[in-house]
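Quick notes on the structure that follows.
The values are calculated or read from the model by the stated rules, or taken from the named source; none is laboratory data. Since the model is a prediction, treat every value here as computed from it, not as a measurement. We place every Cβ from the backbone using ideal geometry, glycine too, and count neighbours over all the protein chains shown. Areas reflect the complete protein model, heavy atoms only, side chains present, ligands, DNA and RNA absent. Shrake-Rupley method; radii C 1.70, N 1.55, O 1.52, S 1.80 Å.
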Amino acid sequence: KNQPLSDLEIASQAVMKPIIDIAKAAGIPEDALEQYGRYKAKIDPLKITAHGEDAKVVLVTAISPTPAGEGKSTVTVGLADALHQLKKNVVVALREPSLGPVMGVKGGATGGGYAQVVPMEDINLHFTGDLHAITTANNALSAFIDNHIHQGNALNIDPRRIIWKRVMDMNDRALRKVVIGLGGPVQGMPREDGFDITVASEIMAVFCLATSIDDLRERLASIVIGYTFDREPVFVRDLQVQGALTLLLKDAFKPNLVQTLEGTPAIIHGGPFANIAHGCNSIMATQTARKLADIVVTEAGFGSDLGAEKFMNIKARKAGFKPSAVVIVATIRALKMHGGVAKTALVGENVPALLQGIENLAKHVETIRTFGVEPIIALNRFITDTEAELEAVLNWCQENHVRIARTNVWEEGGKGGLALAEQVLSVLDEENNFSPLYDVTESIEEKVRTIVQKVYGGKDVQFTDQAKKQMAQIEKFGWDTLPICMAKTQYSLSDQPSLLGRPEGFTVTIREVIPKLGAGFLVCLTGDIMTMPGLPKQPAALRMDVDSEGHAVGLF
Ligand code: ADP
């Protein structure tokens, strides 16, 4: 049998429309479009007027991911293409890829098979430079801090208590902890520093949650960079560099327009990870898409315990909209892994393991219902799925009164998502009782406990001594009335990556609580989660190259 084409091969065979045509069809006026070549453009949100009522939002989430792959972006793109085929006015809103996973193991973020956004290689590499701008703004702030200390430290910043870190958009474990300023007085004040990956940075979060340029500046000004020798917080506004940082971000802040393989408009903007950050594309992108379309299909990262939880409790709360429908992507392969099957043993029918692993899906369904929304499962078909396995999932859904649609968008594009699109359309007009799960005025401990018990299905939460100290300080400064951004492994509903399926009776440990006042949330670190990932032994980079005509090779 012929080897199926790779994502890159399919994408590079695509005949793209000029981006001006995509913009015109989406109702974007010409003066709002800033072209980056023939197939990419930035949209000036100030020049977009609403076409009517703001679009309804369809959120795509997933079961707990396994190395088998769920295809969340693939289904998100395929669903948008299916709605487009049904003549709906739809825009898909996605996150920008990070080069860490592109070079590492997980791959790009442009979907797969015949459900992709293009130009795939541009989007997965440097795109329109937003990640560069965010990295630069972040590191400019680091430079301003170190220069301030070097020039006499008028703010009395304690170099040992700086919480602002440098960033780069690559998995680089060697930079997690560094010492800077060595070499004598001319080289600055020596101190410990460290690097996070750009997509975990507060600048990325600020960028994604800001609702206007003025809001962006205000949020940047509110970032806490560290503490003085008297243990008082030091803000970006104390350094008076919020204007410069806003300037570095001003063009990046405009959402990017591209297209799917079927010519559906796609807005791709902002890309925080969902395990160590809040995992949703920018509010600017979603709101711009809502002005243009009747339906916006968007995705939040990893399983519903991470991206969707933060979409509901952080992004939707901030932006003031609600999801009108939620799709949970599941695959038979992944469910079998949750039922105890090893990745190497996935080929071959195994209904008992599937039925055991389905408890992971059951929990994600319950979670979405807890938010007041009735989910639809998208069963993303792989060619290895057997009829008996498909039957088993459909029967389970019928017995448990869960809506489900089989999707085949990877093989067929939008056509393979028509059944899902029909189901989504049928719920869009139903009222739902969406509400975030906690009130921001509750104590930090209560908010975290709610997430652990209602979303993760755990027994309780405990805090390390360090976390307790940090919480006391956060309360002292009156910062405790912010939503929580959990940093947790994506593989398990618990904080232990090896506990697949539906673990029960576990207690989640909060190691640290870090204030992110610019983003407007408190990050709670659990387990061994790292804000700077490492590369695997055989990174995807080993397969990559460029052919003599200058085209990418081996980019998935
Ligand atoms: P996620 O968003 O969940 O991380 P992606 O949509 O990025 O997943 O898909 C991950 C990889 O899996 C992509 O390379 C994609 O081509 C592949 N993939 C997705 N769905 C299927 C499918 N039904 N059959 C085969 N491969 C698939």
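Give me the net charge for the shell around Ile180: Cβ to Cβ below 9 angstrom, other residues only, Lys and Arg +1, Asp and Glu -1. Here the charged neighbours net out to -1. The antiparallel fraction among DSSP beta bridges confined to segment 468-532 stands at about 60%.
For segment 390-530, the Stokes-Einstein estimate of translational diffusion at 10 °C and a viscosity of 1.306 mPa s comes to 88 µm²/s, using the Kirkwood hydrodynamic radius over alpha-carbon pairs.
For Glu431 and Asp547 in one chain, what is 0.36 nm times their gap in residues minus the Cα-Cα distance, to one decimal in nm? Fully extending the segment from Glu431 to Asp547 adds 36.5 nm.
Just read off the accessible area of Glu202 with the full protein assembly in place, 1.4 Å probe, to the nearest 10 Å². Glu202 exposes around 10 Å² with every protein chain in place.
How much net charge surrounds Pro18 when only the other residues with a Cβ under 12 Å from the Cβ of Pro18 are counted, with Lys and Arg +1 and Asp and Glu -1?
Working: positive: Lys17, Lys24, Arg38, Lys40; negative: Asp21.
Around Pro18, the charge tally is +3.
What's the ranking of 5-12, 482-489, 52-59 by average number of surrounding C-beta atoms within 10 Å, highest first?
My ranking of the peptides, most packed first, is 482-489, 52-59, 5-12.
If you take the Cα Rg of segment 210-354 and divide it by 2.2 N^0.38 Å, with N the number of residues, what do you get?
Values: Rg = 20.5 Å, N = 145, 2.2 N^0.38 = 14.6 Å.
Cα-based Rg divided by the globular estimate yields 1.40.
Over every Cα atom in segment 318-405, the radius of gyration and the widest Cα-Cα span, Dmax, amount to 14.0, 46 Å.
Residues whose amide H falls under 5 Å from that of Val327, counting only those 5 or more places apart or on a different chain, are Leu59, Val60, Thr61, Ile376, with hydrogens built in the peptide plane.
According to the square roots a ≥ b ≥ c of the eigenvalues of the Cα gyration tensor, what is the shape class of segment 481-545, taking rounded for a/c under 1.5, prolate for a/b larger than b/c otherwise, and oblate for the remainder? Before the final figure, lay out each step's value.
Details: a/c = 2.91, a/b = 1.33, b/c = 2.19.
Oblate is the answer for segment 481-545, as a/c is 1.5 or above yet b/c matches or exceeds a/b.
Near the amide H of Met486, within less than 5 Å, lie the amide hydrogens of Cys524, all on another chain or at least 5 residues away, with H placed in the peptide plane.
The candidates Ser443, Ser142, arranged from most to least accessible area with a 1.4 Å probe in the full protein assembly, appear as Ser443, Ser142. Of the DSSP H helices in the chain, those that are both long (alpha-carbon extent of 24 Å or more along the helix axis) and hydrophobic (Kyte-Doolittle mean at least -0.5) are 130-150, 351-370.
Applying 0.36 nm per residue to the separation of Glu387 and Val440 and subtracting their alpha-carbon distance, the gain on full extension is 14.4 nm. Around the Cα centre of segment 325-388, unit charges on the Cβ atoms of Lys, Arg, Asp and Glu (plus for the first two, minus for the last two) sum to a dipole of about 200 debye.
Sorted from longest to shortest, the spans of the Cα atoms of the chain along the three principal axes equal 70, 56, 48 Å.
Summarising the amide proton neighbourhood of Gly271: residues at separation of 5 or more, or on other chains, whose placed amide H is nearer than 5 Å comprise Glu96. Compared with the direct C-alpha span, the chain from Arg176 to Thr481 gains 106.8 nm at full extension, assuming 0.36 nm per residue.
Which percent of the accessible heavy-atom area of the chain goes to carbon and sulfur, probe 1.4 angstrom?
On the way: 11170 of 21820 Å².
Exposed carbon and sulfur together represent 51 percent of the surface.
Please work out the Cα center distance from segment 302-367 to segment 177-198, rounded to the nearest Å. A separation of 42 Å, based on Cα centres. Of the GluC sites (Glu not before Pro) found in segment 456-556, those that fall in a DSSP loop while having at most 10 other beta-carbon atoms within 10 Å are Glu549. Of Asp547, Asp465, the order by accessible heavy-atom surface (1.4 Å probe, DNA, RNA and ligands excluded), from most exposed downward, is Asp465, Asp547. With the charge dipole of the chain set up from +1 on Lys and Arg Cβ and -1 on Asp and Glu Cβ about the Cα centre, the Cα lying farthest toward the positive end among the listed residues Ala221, Gly194, Asn360 is that of Gly194. Less than 14 Å Cβ to Cβ from Gly372, Lys/Arg counted +1 and Asp/Glu -1: what total charge do the surrounding residues give? Counting the neighbours of Gly372, the net charge comes to -1.
Keeping every protein chain present and rolling a 1.4 Å probe, give me the accessible area per residue for the chain in Å². Numbers along the way, then the final one.
Details: 21820 Å² over 556 residues.
Spelled out: the 1.4 Å probe surface of the chain, per residue, equals 39 Å².
Taking Val102, Val15 and ordering them by how much accessible surface each has at a 1.4 Å probe, largest first, produces Val15, Val102. Between segment 440-481 and segment 8-76, what is the C-alpha centre distance in whole Å? Comparing the Cα centres of segment 440-481 and segment 8-76, I get a distance of 37 Å. Counting only lysines at least 8 places from Lys537 when in the same chain, those with an alpha carbon closer than 19 Å to its own are Lys106, Lys343. Looking at the chain alone, DSSP beta bridges between its own residues are antiparallel in about 45 percent of cases.
Dipole magnitude for the chain: computed about the Cα centre from +1 point charges on Lys and Arg Cβ and -1 point charges on Asp and Glu Cβ, it is near 700 debye.
Each residue, Asn395 and Ile20, gets one label point 7 Å from its Cα in the Cβ direction; the gap between the two is 5.9 nm. Protection proxy ranking, highest mean first, for peptides 107-120, 17-30: 107-120, 17-30, where packing is the per-residue count of other beta-carbon atoms within 10 Å, averaged.
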